[in-house]
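Chemist: My questions will all concern the structure given below.
Any read-out appearing in this document is the output of simple, stated calculations on the displayed coordinates, not a laboratory observation. Predicted model only: the values in this text are computed from it and were never measured. Positions of Cβ are generated from backbone atoms using ideal geometry, with glycine treated the same way; all protein chains shown enter the neighbour counts.
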Amino acid sequence: MATIMDFVDSYENLLYGILGLLGLWYLRGYLLANHKLRIGAYIVERETAIRERSVSMSMLVVLAGAVGLVYFSARNILPAIDTILRGSNNPNGHVVMITKVPTVTPDVVLLLPGQATQASTQELGIEKRKNTQVPIGGVGCDNTSAVIFSPLPGAVLSGKVDVQGTADIVDFAFFVLEISTLGDNWLTVHTQDVPVSSGVLGSWDASLYAQGEHGFRLVVYNAAGAYPIPCVIPIFIGGGP
């Protein structure tokens with residue numbers, strides 16, 4: 001496919017020239033056949049002229065179609081294919097939607113601070129409650145369009161905490177900052193519908209939450225309700241001021 005694209009892109013004008021010369025050749029044949037048909041005195045001569053005229057007319061139609069095909073391919077089809085191929089080979093395409101976009105766009109609901117998003121697991125009908133397990137270095141924070149810069153993974157926090165990072169994906173709708181609680185629940189500590197690029201995402205009070213280890217994450221939603229893999233880091237809430 002790439003070879004065909006490069007050929008058409010490099011030799012588009014040459015293709016037009018070749019098709020144009022062939023068109024002139026068959027136009028000449030069409031005119032000569034018309035002339036023979038007018039002056040032909042015998043049936044055989046006239047039938048031959050009619051056949052030659054039909055062949056010339058058919059070739060002119062084919063050549064006109066070929067010109068249109070080359071033009072349409074160079075201006076529409078090939079650029080679209082090239083965009084798709086370049087996008088699939090782009091190593092910097094960080095946003096990977098892990099949720100299926102519904103056929104009907106859902107209403108975007110902003111989560112209020114303190115509102116839990118439950119994600120409990122069940123086994124044999126009995127709910128299992130466990131603490132959120134987060135790797136020491138965090139997870140999902142390699143997306144430069146949805147990432148937490150500060151606090152760093154494993155930071156010990158107390159009092160007011162300013163969270164810095166970037167929340168600015170394609171078709172941005174809003175983002176939430178959440179902290180984990182017992183049972184794999186997530187409580188929203190901040191929500192915002194204005195994108196942020198390398199700045200303060202929001203502030204929250206660590207003293208309102210239990211001391212110990214927690215998960216802290218950034219989830220950035222688009223207008224369809226989908227989101228890239230959240231950036232999740234481990235934090236420790238201490239007892240200081």
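Chemist: Once the other residues with Cβ under 15 Å from the Cβ of PHE175 are scored (Lys, Arg +1; Asp, Glu -1), what is the net sum?
Modeler: Around PHE175, the surrounding residues sum to -3.
Chemist: Apply the a/c threshold of 1.5 to the C-alpha gyration tensor of the stretch 147-194 and tell me whether it is rounded, prolate or oblate.
Modeler: Verdict is oblate for the stretch 147-194.
Chemist: May I ask for the equivalent-ellipsoid semi-axes of the stretch 173-241, computed as the square root of five times each C-alpha gyration tensor eigenvalue and listed largest first in whole Å?
Modeler: Equivalent-ellipsoid dimensions as semi-axes: 23, 14, 10 Å.
Chemist: Once the Cβ-Cβ distance between TYR16 and ARG51 is put in as r, and R0 is 45 Å, what FRET efficiency do you end up with, to the nearest 0.05?
Modeler: Once the sixth-power term is evaluated, E becomes 0.95.
Chemist: Right, next: Report, by chain and number, residues whose modeled amide H sits under 5 Å from the one on LEU157, excluding near sequence neighbours (fewer than 5 apart, same chain).
Modeler: Counting only residues 5 or more places away or on other chains, the set is PHE236, ILE237, GLY238.
Chemist: Further, regarding this structure: Read phi for every residue in the stretch 186-203 and hand back ³J(HN,Hα) as whole Hz from Karplus 6.51 cos²θ - 1.76 cosθ + 1.60, θ = phi - 60°, with x for Gly and Pro.
Modeler: For the stretch 186-203, the Karplus curve yields 10, 9, 7, 9, 7, 9, 7, 9, 10, x, 10, 10, 6, x, 7, 7, x, 10 Hz.
Chemist: While we're here: Amide H of CYS141: which non-local residues (sequence gap of 5 or more, or other chain) have their own amide H closer than 5 Å, using H built in the peptide plane?
Modeler: Those qualifying (amide H under 5 Å, at least 5 residues apart or on another chain) are VAL232.
Chemist: Label points 7 Å out from Cα along the Cβ direction at GLN211 and LEU32: separation in nm?
Modeler: That separation, rounded to one decimal, is 10.3 nm.
Chemist: Continuing with the same structure: Please report the spacing between the Cα centers of the stretch 194-211 and the stretch 30-45 in Å, no decimals.
Modeler: The stretch 194-211 and the stretch 30-45 have Cα centres separated by 89 Å.
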